[in-house]
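Input: a single structure, listed below in structure tokens.
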Amino acid sequence: MPNRKRNDALESAAPPEIVAEDAPEAATSGAEAPQVSDKLATVLADFEELRQTLVRRQADFENYRKRIERERAEDSRRAIARVIEGLIPVLDGFEHALAAHKEAAYEEYRKGFELIYRQLLENLKRLGLERHDPAGEKFNPHLHQAMDRVESADYEDGTIIAVYQPGYVFHGRVLRPAMVRVAVHPGGHGEPRESKLAN
């Protein structure tokens, strides 16, 4: 019996102890709420800062990638331009050979040369080369080199009346200016200047 009384006393005493333990927690949770809110705000601010940094890094990387691609394309064009510059005299040689041998005896030989010349020129055009034959155009010192001038009232002042050698342009860059003869009106003041080769 004493044990039963003791157990009953413990059971009746248990609920007040639980309530007593819960009460400080309720008070503590009310005090901790602002601290949790402050920590959450700090975490969110850090997250936003990291997100902005990531966006900036991605933009920087994209700009870097585009710049590298542009530089590679420019390097490739410069290399192709150097090769084409070396082939321009070959084109000239073909043109001179074709112009020199117009006799019937050279007809078959000439056809073979014309075929090779056309194939070479077409392949270079596919790479971006433009042949510039400016007969009848106005003199442009950026594209043409005046070899001589002829006084003439039959043409407009500064008109190109003969082309000694065609010019070549590669993606807007002058590889060789056209060498030309230019008409100048008698007593005219506008004398064409020789072009500067574009680099």
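Can you find a residue that is closer than 30 Å to residue 118 by Cβ and either in a helix (DSSP H, G or I) or of a type in the set (Val, Ile, Thr) (or both) anywhere in region 42-55? No: region 42-55 contains no residue that is closer than 30 Å to residue 118 by Cβ and either in a helix (DSSP H, G or I) or of a type in the set (Val, Ile, Thr) (or both).
State the number of residues belonging to region 113-172 that are among the β-branched types (Val, Ile, Thr), surrounded by 15 or more Cβ atoms within 10 Å (Cβ to Cβ) and closer than 25 Å to residue 84 by Cα. Going through region 113-172 one residue at a time, the tally reaches 2.
Does residue 173 meet the test of being out of contact with any strand residue (DSSP E or B) (no Cβ under 8 Å at 6 or more places or on another chain), without any contact (Cβ under 8 Å) to a residue 24 or more places away in the chain and at negative phi? Judged against the criteria, residue 173 is not a match. Do we have residue 98 as of a type in the set (A, V, I, L, M) and in contact with a helix residue (DSSP H, G or I) (Cβ under 7 Å, 6 or more places away or on another chain) here? For residue 98, the condition - of a type in the set (A, V, I, L, M) and in contact with a helix residue (DSSP H, G or I) (Cβ under 7 Å, 6 or more places away or on another chain) - is met. Residue pairs whose Cβ atoms lie under 9 Å apart, separated by 6 or more positions or on different chains, with the first residue in region 74-86 and surrounded by 10 or more Cβ atoms within 10 Å (Cβ to Cβ) and the second part of a helix (DSSP H, G or I) and modelled with pLDDT of 90 or more, are 84/124. The set of residues in region 121-150 being among the aliphatic types (A, V, I, L, M) and closer than 14 Å to residue 179 by Cα consists of 135, 143, 146, 147. Applying the set (1) in contact with a helix residue (DSSP H, G or I) (Cβ under 7 Å, 6 or more places away or on another chain); (2) over 25 Å from residue 96 (Cβ atoms) to residue 170 leaves exactly one unmet item: (2). Any residue in region 119-133 that is more than 30 Å from the chain's Cα centre (by Cα) and either over 30 Å from residue 73 (Cα atoms) or touching a residue at least 24 places away in the same chain (Cβ under 8 Å) (or both)? Checked against the condition, which is being more than 30 Å from the chain's Cα centre (by Cα) and either over 30 Å from residue 73 (Cα atoms) or touching a residue at least 24 places away in the same chain (Cβ under 8 Å) (or both), region 119-133 yields no hits at all. Before we move on, is residue 153 more than 13 Å from residue 180 (Cα to Cα), over 28 Å from the mean Cα position of the chain (by Cα) and of a type in the set (A, V, I, L, M, F, W, C)? For residue 153, the condition - more than 13 Å from residue 180 (Cα to Cα), over 28 Å from the mean Cα position of the chain (by Cα) and of a type in the set (A, V, I, L, M, F, W, C) - is met. Only residues that are surrounded by 15 or more Cβ atoms within 10 Å (Cβ to Cβ) and of a type in the set (Lys, Arg) were counted in region 87-112, giving 1.
The values are calculated or read from the model by the stated rules, or taken from the named source; none is laboratory data. Predicted model, so just to flag it, every value in this text is computed and none were measured. In this analysis, Cβ positions are derived from the backbone assuming ideal geometry, glycine residues included, and neighbour counts consider all displayed protein chains.
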